[in-house]
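Down below is the structure, laid out as structure tokens.
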Amino acid sequence: MNHLPPTAGSRVSGGVGVGRLLGLAIVACLVLTGALMAWPAARTWLTRQHAQAVVLNASVVPLPDGRAQVAVLYRFTVGEQDGVEVQQLAYRQADQNYQPIPDPALAPAEAEAVVQGILAGDRWRTVWFLANDPERTAFILEEAGGRPGRRALTGAALLMVGLLWWAAIRRRR
């Protein structure tokens, strides 16, 4: 009887190839990483109301330590009551995990550049809030840390690539 060790691509016990196991491990890593990255956005979209908000003002607020905060004021429509739109003003911002944070503190020149970018560009943003308390729960994604939503999009892309790869592995059976 020949008792040679299995080689790459050969079948090991149970009839699953080493390459297939490696592919499944990579798929599991992609899907898990993508799901973890996209979860904060998915949770927010599932548990909160959303609406379009218009940025009314963005300003630089100097801090005692020499840095500056970027403050944003925006308005959005909560709903309708007796045929009249009910609008709300809000100022809260959130990080890439969709968690409310204090206004971002930056170097003064960087804060001014962020404010100019907000005021010069498209002033419409998506605002998320709880329907029963929009005044205290509304927030938009902050823009000081880069382009909002990039983490969620990257997570969704990893999740999709992992699922497509898994489908391709299953098809080759």
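The values are calculated or read from the model by the stated rules, or taken from the named source; none is laboratory data. Source: prediction; values computed, not measured. Cβ: placed from backbone, ideal geometry, glycine included. Neighbour counts: every protein chain shown.
Values for this structure:
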| item | result |
| --- | --- |
| Every residue from region 64-86 that is without any contact (Cβ under 8 Å) to a residue 60 or more places away in the chain and either in contact with a strand residue (DSSP E or B) (Cβ under 6 Å, 6 or more places away or on another chain) or surrounded by 15 or more Cβ atoms within 10 Å (Cβ to Cβ) (or both) | Arg67, Ala68, Gln69, Ala71, Leu73, Arg75, Thr77, Val78, Gly79, Glu85, Val86 |
| Unique residue being surrounded by 13 or more Cβ atoms within 10 Å (Cβ to Cβ) and over 28 Å from Arg43 (Cβ atoms) when the list is Ala107, Ala138, Ala113 | Ala113 |
| Filter result for Arg43 (under 24 Å from the mean Cα position of the chain (by Cα), under 30 Å from Gly162 (Cβ atoms), modelled with pLDDT of 90 or more and not aliphatic (A, V, I, L, M)) | yes |
| Condition check for Ala94: under 18 Å from Gln52 (Cα atoms), aliphatic (A, V, I, L, M) and in contact with a Lys or Arg (Cβ under 9 Å, 6 or more places away or on another chain) | no |
